[in-house]
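All remarks here apply to the structure that follows.
The values are calculated or read from the model by the stated rules, or taken from the named source; none is laboratory data. Note that the coordinates shown come from a computational prediction; the quantities given were computed from them, not determined experimentally. Please note: Cβ atoms are built from the backbone with ideal geometry, for glycine as well, and neighbour counts cover all protein chains shown.
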Amino acid sequence: MYSIKMRASHEDIHISGAETMCEFEDLENYLKKYFNKAFNHENGNIDFLNLKIEKVKAPIQTLVALPVVENLNDTLTQLAKQTGVSEYALNKGLEFIKNDITYTGAIILSAQTGQRLDSTEQRGIRVTQLAFKTCKCNGEISERVKDARALATCINAFEGVKAELCVSDDLHYTTGYFASPKLGYRRIFNIKEKGTRHGGRIIFVDEGIN
Ligand code: PML
């Protein structure tokens, strides 16, 4: 299989990104799809586009996707409490999401103290070489939710991860999620106001994580 990645920006500000793994026959379609995604993005015009293809050499590991839960009564505070993320750490995470920096990857915070544990500054860390193969969930789910669910499944499969919070930095997409190995992928509607680039991914972990 091949890994294919897209990253697009304007004046060094992240606009759009995507990645998957596919067979050689599907590469051309993904190239076109990611090209169009980058040049027609609601976050704005781009002046830089990077499309990268690499052969995947490591053995492929299969994970069962986290179950998707849509419960309108879910609140971030309750979900955090149930997964061992302190209120202080949750609020620290929300500060990163609401600040004006557009990170291209995730921020790692201690689930207990809220202290930042990665040292990637404005870049953030990225899960890479992943794809979503099949979906046994009920009904149709969008490409965006499939990708987000695949990413959340990989993140939450890592030992020491307690939970992950994601808010899209797309201007008009206001559904986010809180995922954890214990509670699954919980979609949160209206997690942010329309019209802002606020967003990001926060991974809450045990401090002893490798
Ligand atoms: C993004 O890539 O923009 C984040 C996607 C979050 C999807 C949340 C959902 O609709 O379940």
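Below is a table of values for the structure above.
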| quantity | calculated |
| --- | --- |
| Filter pass, K162 being more than 16 Å from the ligand (Cβ to nearest atom), in contact with a Phe, Trp or Tyr (Cβ under 6 Å, 6 or more places away or on another chain) and within 23 Å of E87 (Cβ to Cβ) | yes |
| Residue list for segment 95-114, filter: over 19 Å from T174 (Cβ atoms), surrounded by fewer than 20 Cβ atoms within 10 Å (Cβ to Cβ), more than 14 Å from the chain's Cα centre (by Cα) and touching a residue at least 60 places away in the same chain (Cβ under 8 Å) | Q112, T113 |
| Close pairs from segment 62-77: first within 18 Å of R149 (Cβ to Cβ) and away from the ligand (no atom under 14 Å from the Cβ), partner among the hydroxyl-bearing types (S, T, Y) and at pLDDT 95 or above, Cβ under 6 Å, at least 6 apart | L63/T153 |
| Test: K146 is at pLDDT below 95, of a type in the set (K, R), within 15 Å of the ligand (Cβ to nearest atom) and within 21 Å of T62 (Cβ to Cβ) | yes |
| Pair list, Cβ under 6 Å, 6 or more apart: segment 166-178 residue under 9 Å from I97 (Cα atoms), other residue of a type outside the set (D, E, K, R) and near the ligand (Cβ under 6 Å from one of its atoms) | C166/G176; C166/Y177; V167/G176 |
| Residues of segment 1-46 that turn out to be surrounded by 14 or more Cβ atoms within 10 Å (Cβ to Cβ) and touching a Cys at 6+ places or on another chain (Cβ under 9 Å), as a count | 5 |
| Condition check for T153: closer than 18 Å to T20 by Cβ and either within 13 Å of the ligand (Cβ to nearest atom) or touching a residue at least 12 places away in the same chain (Cβ under 8 Å) (or both) | yes |
| Subset tally (residues that are buried (at least 18 other Cβ atoms within 10 Å of the Cβ), among the charged types (D, E, K, R) and either more than 10 Å from the ligand (Cβ to nearest atom) or more than 14 Å from the chain's Cα centre (by Cα) (or both)) for segment 169-196 | 1 |
| Any hit, segment 44-65, residues being farther than 21 Å from G199 by Cβ and assigned to a helix (DSSP H, G or I) | no |
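The rows are residues; the columns are (1) at pLDDT 95 or above; (2) under 16 Å from N210 (Cα atoms).
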site: A89; (1), (2): yes, no
site: F96; (1), (2): yes, no
site: T104; (1), (2): no, no
site: A111; (1), (2): yes, yes
site: L117; (1), (2): yes, yes
site: R123; (1), (2): no, no
